[in-house]
1. In what sequence, highest mean first, do 102-108, 3-9, 92-98 appear when ranked by Cβ atoms within 10 angstrom?
2. Provide the per-residue ³J(HN,Hα) series for region 104-118, in order, calculated from phi with Karplus coefficients 6.51, -1.76, 1.60 and θ = phi - 60°, each as a whole number of Hz, with x at glycine and proline positions.
3. Spelling out what I want: for every residue of region 156-171, take phi, set θ = phi - 60°, compute 6.51 cos²θ - 1.76 cosθ + 1.60 (Karplus), and round to whole Hz; glycine and proline get x.
4. Taking θ as phi - 60°, what are the ³J(HN,Hα) couplings along region 77-83 by the Karplus curve (6.51, -1.76, 1.60), each to the nearest whole Hz, with x for Gly and Pro?
5. Sequence-distant or interchain residues sharing an amide H contact under 5 Å with Asp162, placed H: which?
6. Using label points projected 7 Å from each Cα along Cα→Cβ, tell me how many nm separate Asp42 and Ile75, to one decimal.
7. Note down the nm distance, to one decimal, between modelled labels 7 Å out along Cα→Cβ at Leu172 and at Lys187.
8. Any of Lys38/Lys126; Lys132/Lys158; Lys30/Lys158 with alpha carbons more than 26 Å apart? Name them for me.
Amino acid sequence: MYLRFYSWAMGRIENNGIIALITNRSFISKDSSDGFRKVIRDEFAHAYIIVTHSDLGDTKVQGMLAQRTFNVFGIKPGVAVMFTGAERRDEGPCRIHYMELEDEWLKAAKLDWFGAQDQLLSLPFKEIIPDKYNNWLELAEERKEDAELSTLASKAGKAGNDKKVLFKLFSLGVASNRDPWCYDFDKSHLLNKVNAFVKTYNSRLTDGSVKTADD
């Protein structure tokens, strides 16, 4: 949900606005968040990230003790604070600044640290240079042999603009776009659903609420 919060906020600020959210820290390194990291890199001029802990404060690693003593909110997910500036820059992508609080700090010490800060830019951030796969921390090392591999399929190949792809045609396969009506584990249930679907469709054709290609 916190990714949706970013989307909500991005639609409501001007080009020189700032978004500051306290969220789960998984977006920083999870593979499933590479698209979100790309959006941050493309849409913002600056991003300043403060992680309240790394492995020691993650309850998935250390258990309930870490949750009570190291996590600033006493919750299971790791916590990060990110400030993003929406002023667009012509000279390049977003500059990403990153820092972590000490793993060994207790919850109270971390909260005291936040309370003592008054200048974001004075903090000891290090700048992250993402790789082309939108990794921020664990950067992928591209091997020479990987770069020489042929692409299986791509939109450019499908459009005829890339001659090196192995498969020029690809699709979603069978896509009914009405799976709840056309699939079922029970044959009798499936027949009842399909019959109801056809009956409803035909009745809509009769009353004119459904348009056909001929119309």
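What follows is calculated from the coordinates using simple rules that are stated; it is not laboratory data. As the structure is a prediction and not an experimental result, all values here were calculated from the model. Cβ atoms come from the backbone with ideal geometry, glycine included; neighbour counts cover every protein chain shown.
1. Per-residue mean Cβ counts within 10 Å order the peptides as 92-98, 102-108, 3-9.
2. 7, 5, 6, 3, 5, 5, 5, 5, 5, 4, 4, x, 8, 8, 10
3. Values, residue by residue: 5, x, 5, 7, x, 9, 10, 7, 8, 5, 6, 10, 8, 10, 7, 8 Hz.
4. x, x, 10, 9, 10, 10, 9
5. Sorted by chain and number, the residues that satisfy this are Gly157.
6. According to this spin-label approximation, the distance is 2.8 nm.
7. Simple spin-label model gives 2.9 nm for this pair.
8. Lys30/Lys158
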